[in-house]
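J.: One structure follows; several queries about it will come next.
None of the figures in this text is laboratory data; all of them are computed from the coordinates on show. Not measured: the values here are computed from a predicted model. Virtual Cβ from ideal backbone geometry, glycine too; neighbours counted across all protein chains shown.
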Amino acid sequence: MNPQQSKFLRRVGRLNHGVILVEKSILIVLMLGMLVFGFLQVFSRFVLRAPIGWSEELLTYSFSWASFVGASLAIYSNSHFSVDLVTKHLGKTIQKVVKVAVWTMILAFSLYLLVTGVRLALLNSIQRMNIVPLSMFWAYLSVPVMGLFIVIHGMEKLLEVFFDLHEEEVVE
């Protein structure tokens, strides 16, 4: 590997780890928010006997965001399930080809989600949430954000497979 490739890989690794910090921060805020919104909903419904409508709506959209951001983080950490019954019996070269093909498909799909998600968010920017006075743009924005995060994770994973690297070698 030449010095330019090595420098590029380090940049991708730093970008990826920056995205991971952003994802973890977003998830912490969303989980704390869902805890507060859920507590308020239960307290107001069963103690005050007057449910708060906006807390349920915020819970729903926070859960949606947390699911998408969590899915992106799971892509990075290889936490999604996989079936390697066939591939583990193949040769190293064929395993590498399969991994490159899988990460290429993940990148293609996440680019599709990014482009389509931006269109979807913009189309729904006029629509308002039922109770909270916010545009639905913010709810639908989770799709392209997740697509962008997965593109970044997928690029690093594809480069790791392509150059036979481990995660530590990319970041250094």
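J.: Based on the Cβ-Cβ distance of residue 135 and residue 104, what FRET efficiency does E = 1/(1 + (r/R0)^6) give at R0 = 30 Å, to the nearest 0.05? Could you put the intermediate results ahead of the total?
T.: On the way: r = 35 Å, r/R0 = 1.16.
Approximately 0.30, to the nearest 0.05.
J.: Something else: Relative to the longest principal axis of the C-alpha atoms of the chain, give the angle of the C-alpha long axis of helix 3-42, reported between 0 and 90° and rounded to the nearest 10°.
T.: Between the helix axis and the principal axis of the chain, the angle is about 20 degrees.
J.: Between residue 128 and residue 67, take the C-beta separation as r, use R0 = 30 Å, and let me know the FRET efficiency to the nearest 0.05. If you can, show how the numbers build up before the last one.
T.: Details: r = 22 Å, r/R0 = 0.74.
Between residue 128 and residue 67 the formula returns 0.85.
J.: Using only Cα atoms, tell me the angle between helix 142-162 and the longest principal axis of the chain; keep it within 0 to 90° and round to the nearest 10.
T.: Computed tilt is about 20 degrees.
J.: A further question follows. Once you sort the root eigenvalues of the Cα gyration tensor of the stretch 3-171 as a ≥ b ≥ c, which label holds: rounded (a/c under 1.5), prolate (a/b larger than b/c) or oblate (the other case)? Please report the intermediate quantities before stating the final value.
T.: Numbers: a/c = 2.47, a/b = 2.20, b/c = 1.12.
In terms of gyration-tensor shape, prolate.
J.: Assuming R0 = 22 Å, what is the FRET efficiency of residue 14 and residue 78, from their Cβ-Cβ distance, to the nearest 0.05? Walk me through the numbers on the way to the answer.
T.: Working: r = 20 Å, r/R0 = 0.91.
Taking R0 as 22 Å, the efficiency between residue 14 and residue 78 is 0.65.
J.: To continue, here is another question. Past 26 Å, Cα to Cα: identify those pairs from 24/92; 88/157; 7/96; 24/88, in the order given. Present the calculation step by step, with values, prior to reporting the outcome.
T.: Numbers: 24/92 34 Å; 88/157 18 Å; 7/96 23 Å; 24/88 32 Å.
The pairs that break the limit, which is 26 Å between Cα atoms, are 24/92; 24/88.
J.: Gain in length, residue 44 to residue 93, computed as 0.36 nm per residue apart minus the alpha-carbon separation, to one decimal in nm? If you can, show how the numbers build up before the last one.
T.: Working: separation 49, 0.36 × 49 = 17.64 nm, distance 6.01 nm.
That pair, residue 44 and residue 93, stretches by 11.6 nm at full extension.
J.: What ranking do 68, 8, 81 get, fewest neighbouring Cβ atoms within 10 angstrom at the top?
T.: Working: 68 22, 8 13, 81 6.
Starting with the residue having the fewest Cβ neighbours, the order is 81, 8, 68.
J.: Hey, another quick one. Does anyone have the angle between helix 92-123 and the longest principal axis of the chain? Alpha-carbon axes, 0 to 90°, nearest 10?
T.: Once rounded, the angle reads 30 degrees.
J.: Non-local amide H neighbours of residue 128 (under 5 Å, H modeled in plane, Pro and chain starts lacking H): which ones?
T.: Sorted by chain and number, the residues that satisfy this are 136.
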